[in-house]
Amino acid sequence: MSLVARTAYGARAAATVGLHAAHWWWARRQSAPFEAPEGPAFRSPHKVPDRAAVARAFAAAFEADLAAIEQGLYPAPPPPDLAALGRQARAYRADVASIDRRRQARAGTEVRGDPATAGYPAYFRQNFHWQTGGWFTQESAQLYDFQVETLFTGSAAPMRRATALALLAESLTGIDQRQVRCLDLACGTGSFTADVARAFPRMKLQALDLSPAYAAHARGALARYAVPVMTGLAEALPFEDASLDRVVCVYLFHELPPKVRAAVMREVARVLAPGGIFVLADALRTGDNPDLDRMLDAFPFGFHEPFFTSWLTTDLDALAHDAGLLPGPSRQAFLTRAVAYTKPR
């Protein structure tokens with residue numbers, strides 16, 4: 001990568017971090033304290049994180065992303081759509097009061113009052129992160145990426161690329177991508193699916209999400225790449241046995257109850273062909289980076305994440321083993337870790 005390209009990456013990353021850090025700071029100023037005087041106190045057995053260590057881990061995510069780009073594992077991200085970013089920023093600011101009201105009231109299941117959510121699994125009918133509309137509205141889908149980037153102060157996309165996309169790319173080295181059938185499981189808005197499509201434009205890529213609203217948003221975002229997007233349950237995938245060569249899944253498992261995590265792992269193993277690979281990326285678990293353990297404990301306290309505490313002690317390798325998958329390479333970037341699991345031939 002040329003000096004100009006490296007400088008452009010750095011400038012864009014700095015602008016992204018600045019934008020989302022400013023919105024994070026503004027939102028905190030508009031919201032009630034993290035610990036409400038009349039509410040429960042936050043407790044964690046882990047040490048208060050060293051700010052320098054957190055800053056190093058944060059910066060390392062961008063360094064890993066840039067290194068993967070320079071290695072040719074995937075291309076640099078395209079420039080942002082500034083008009084769309086401006087609309088999302090305004091919508092984010094307009095929604096902060098509703099989120100804070102929900103947070104203070106611990107109203108994490110408001111969406112269950114909407115008849116449109118009937119028939120979906122109870123675990124899915126949540127206002128995750130106290131978000132308005134949960135996973136069920138177009139407004140939520142349009143706002144989601146900005147909310148997540150603000151939550152992680154601009155590091156969410158680099159973390160996804162430096163872990164999941166890098167492992168997927170490594171698994172495809174020397175393989176004709178035209179012969180590879182790949183699924184982005186729980187694709188959400190399709191932002192990561194677009195990263196995959198840009199990196200592997202000839203791969204037989206498709207995406208699936210349980211939310212009709214998010215799937216519709218993803219179809220619009222992925223139309224230029226001709227990636228089909230369908231809706232369906234991760235624990236009951238609409239694919240035949242051994243019909244896929246790669247499955248990639250980002251940030252789904254921490255939002256699933258333990259029994260459903262195991263069921264999804266079994267389903268992925270079922271649909272993978274022998275020799276197929278499952279790239280699973282999600283939040284760190286306790287011990288992945290001891291400097292960040294207290295931050296992980298704080299996440300379900302400050303945000304509505306009903307299954308996150310159980311996620312922190314989940315033995316993923318054991319789930320994979322029970323499903324017939326073998327652990328392989330892993331990558332870690334700030335608050336995200338990914339593992340490539342293989343189905344034996």
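The values are calculated or read from the model by the stated rules, or taken from the named source; none is laboratory data. Just so we're clear, the structure is a prediction, and the values are computed from it rather than from any experiment. A quick note on method: Cβ atoms are made from the backbone with ideal geometry, for glycine too, and the neighbour counts reach across all protein chains shown.
I need the full set of residues from the range 207-226 which are of a type in the set (A, V, I, L, M, F, W, C) and under 11 Å from Ala194 (Cα atoms), in order please. Can you show your working first?
Step one: list which residues in the range 207-226 are of a type in the set (A, V, I, L, M, F, W, C), which gives 207-208, 210, 213, 215-216, 218, 221-223, 226.
Scanning the range 207-226 gives Ala207, Ala218, Ala221, Leu222, Ala223, Ala226.
Give the residue that is nearest to Glu149 (Cα to Cα), with candidates limited to residues of the range 78-128 that are in contact with a His (Cβ under 7 Å, 6 or more places away or on another chain) and of a type outside the set (Ser, Thr, Tyr).
Step one: of the range 78-128, the residues in contact with a His (Cβ under 7 Å, 6 or more places away or on another chain) are 89, 92, 108, 126-128.
Still in the list and also of a type outside the set (Ser, Thr, Tyr): 89, 108, 126-128.
Numbers: Ala89: 11, Gly108: 21, Gln126: 20, Asn127: 18, Phe128: 15 Å.
Checking each candidate, the answer is Ala89.
Scanning the range 106-132 for residues that are of a type in the set (A, V, I, L, M) and under 19 Å from Tyr251 (Cα atoms) returns a single hit, Ala122. Among the residues of the range 103-112, the ones that are modelled with pLDDT under 95 and assigned to a helix (DSSP H, G or I) come to 3 in all.
Quick one: in the range 186-200, of everything that is of a type in the set (Ser, Thr, Tyr) and part of a helix (DSSP H, G or I), which residue is surrounded by the most Cβ atoms within 10 Å (Cβ to Cβ)? Within the range 186-200, the match that is surrounded by the most Cβ atoms within 10 Å (Cβ to Cβ) is Thr193.
Is it the case, given these coordinates, that Glu170 is in contact with a strand residue (DSSP E or B) (Cβ under 8 Å, 6 or more places away or on another chain) and modelled with pLDDT of 95 or more? The answer is yes for Glu170.
Please state which one of Asp145, Asp176 is out of contact with any strand residue (DSSP E or B) (no Cβ under 9 Å at 6 or more places or on another chain) and free of Cβ contacts under 8 Å to residues at least 24 places away in the same chain. Reasoning before the result, please.
Numbers: Asp145 fails: free of Cβ contacts under 8 Å to residues at least 24 places away in the same chain.
Of Asp145, Asp176, the one residue that is out of contact with any strand residue (DSSP E or B) (no Cβ under 9 Å at 6 or more places or on another chain) and free of Cβ contacts under 8 Å to residues at least 24 places away in the same chain is Asp176.
Could you pull out the residue among Ala57, Ala21, Ala27, Ala8 that is outside the structural domain of Ala166 (by TED's automatic domain parsing) and touching a Gly at 6+ places or on another chain (Cβ under 9 Å)?
Details: Ala57 fails: touching a Gly at 6+ places or on another chain (Cβ under 9 Å); Ala27 fails: touching a Gly at 6+ places or on another chain (Cβ under 9 Å); Ala8 fails: touching a Gly at 6+ places or on another chain (Cβ under 9 Å).
Sole residue among the options that is outside the structural domain of Ala166 (by TED's automatic domain parsing) and touching a Gly at 6+ places or on another chain (Cβ under 9 Å): Ala21.
Of all residues in the range 11-38, those satisfying the criterion of being surrounded by 13 or more Cβ atoms within 10 Å (Cβ to Cβ) and over 17 Å from Gln147 (Cβ atoms) are Arg12, Ala13, Ala32.
Wholly within the range 207-315, which helices (runs of 4 or more DSSP H) include no fewer than the required count, namely at least 3 residues that are touching a strand residue (DSSP E or B) at 6+ places or on another chain (Cβ under 8 Å) and free of Cβ contacts under 8 Å to residues at least 60 places away in the same chain? So that I can check it myself, show each step before the final result.
Details: elements: 212-222, 258-271, 293-302, 308-311.
It comes to 212-222.
Among the candidates Glu240, Glu267, the residue that is more than 18 Å from the chain's Cα centre (by Cα), surrounded by 18 or more Cβ atoms within 10 Å (Cβ to Cβ) and either outside the structural domain of Arg160 (by TED's automatic domain parsing) or farther than 19 Å from Ser330 by Cβ (or both) is uniquely Glu267. Number of residues in the range 316-336 that are buried (at least 21 other Cβ atoms within 10 Å of the Cβ) and not in a helix (DSSP H, G or I): the value is 6.
To keep it simple, each residue is scored yes or no on (1) in a loop (DSSP other than H, G, I, E, B); (2) closer than 16 Å to Leu335 by Cα.
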site: Arg29; (1), (2): no, no
site: Pro33; (1), (2): yes, no
site: Arg43; (1), (2): yes, no
site: Pro49; (1), (2): yes, yes
site: Ala55; (1), (2): no, yes
site: Ala67; (1), (2): no, no
site: Gly72; (1), (2): yes, no
site: Pro78; (1), (2): yes, no
site: Ala84; (1), (2): no, no
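Given the conditions (1) surrounded by 21 or more Cβ atoms within 10 Å (Cβ to Cβ); (2) within 26 Å of Leu296 (Cβ to Cβ); (3) among the small types (Gly, Ala, Ser), which single one is not true for Ala141? Here Ala141 meets the rest and fails (2).
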